[in-house]
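Here, each number is a calculation from the coordinates, and none is a lab measurement. Just so we're clear, the structure is a prediction, and the values are computed from it rather than from any experiment. Note that each Cβ is placed from the backbone with ideal geometry, even for glycine, and that neighbours are counted across all protein chains shown.
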Amino acid sequence: MDTTTLVIIGVVAAVAIVLLAVLGLTYRRKREQDHLKTTFGSEYDDTYARAMDRSSAKQNLKEREERVSKYELRELEPEQRRAFMAEWQSMQATFVDDPGRAVSRADALLADVMRARGYGSDTADQQQRIEDVSVGHGDEAQAFREATRIGALNRAGRATTEDLRKAIQHYATVFEALLTERQPA
């Protein structure tokens, strides 16, 4: 073989290697993106929309997933589930007389459910609670975010009765998802 043929073979081989590397990287990124979309649902798009750049959004989602993977999440025992349901119904019954207090109780009850399920111990940090729920419950995370926003208005004395009604509905969405979720077999 002459030198020109060897150079052409070398160039073709190098181009093929680069092309395979690019295809492999593209495939890996697509799989990672699909995994995050599946794990976070609508929260995936919301996080990207709020982020300054795509890299920080992806990193944020991966950090949430890693943090939650360290929790020892578990199903609620039937008795626990019944007790939480009874407490929820009691809280709802107080809404007519004291809607602001009912919203505060709904938030506290949701924190108790999260703790019983095995979520992190820092249930006082609202943002972390929302982020933790977003892993596997991305669609419910937006409801949780809106409920906590209204809860803040409530604490500031600026929430209307209609706002408080909506907060209870949003808390109910998250509460039901966490109360009835089954762990994979």
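Things worth noting here:
- Sole residue being surrounded by 14 or more Cβ atoms within 10 Å (Cβ to Cβ) and within 24 Å of residue 43 (Cβ to Cβ), chosen from 151, 100: 151
- Odd one out for residue 27, checked against (1) surrounded by 10 or more Cβ atoms within 10 Å (Cβ to Cβ); (2) within 19 Å of the chain's Cα centre (by Cα): (2)
Here's the yes/no breakdown for (1) under 22 Å from residue 174 (Cα atoms); (2) in contact (Cβ under 8 Å) with a residue 12 or more places away in the chain:
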site: 42; (1), (2): yes, yes
site: 54; (1), (2): no, no
site: 59; (1), (2): no, no
site: 73; (1), (2): yes, yes
site: 77; (1), (2): yes, no
site: 80; (1), (2): yes, yes
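- The residues of the range 46-76 that are over 11 Å from residue 118 (Cα atoms) and assigned to a loop (DSSP other than H, G, I, E, B), listed by number, are 51, 52, 53.
- From the list 93, 57, 83, 51, the one residue that fits, being loosely packed, with under 13 Cβ neighbours inside 10 Å and among the small types (Gly, Ala, Ser), is 93.
- Residues of the range 119-136 that are in contact (Cβ under 8 Å) with a residue 60 or more places away in the chain and crowded, with 21+ Cβ neighbours inside 10 Å: 131, 132, 134, 135.
- In the range 89-106, the condition of being acidic (Asp, Glu) and assigned to a helix (DSSP H, G or I) is met by no residue.
- Residue in the range 1-22 that is farther than 30 Å from residue 173 by Cα and not in a helix (DSSP H, G or I) present: yes
- Selection within the range 156-171 - without any contact (Cβ under 8 Å) to a residue 40 or more places away in the chain and either surrounded by 18 or more Cβ atoms within 10 Å (Cβ to Cβ) or in a helix (DSSP H, G or I) (or both): 162, 163, 166, 169, 170
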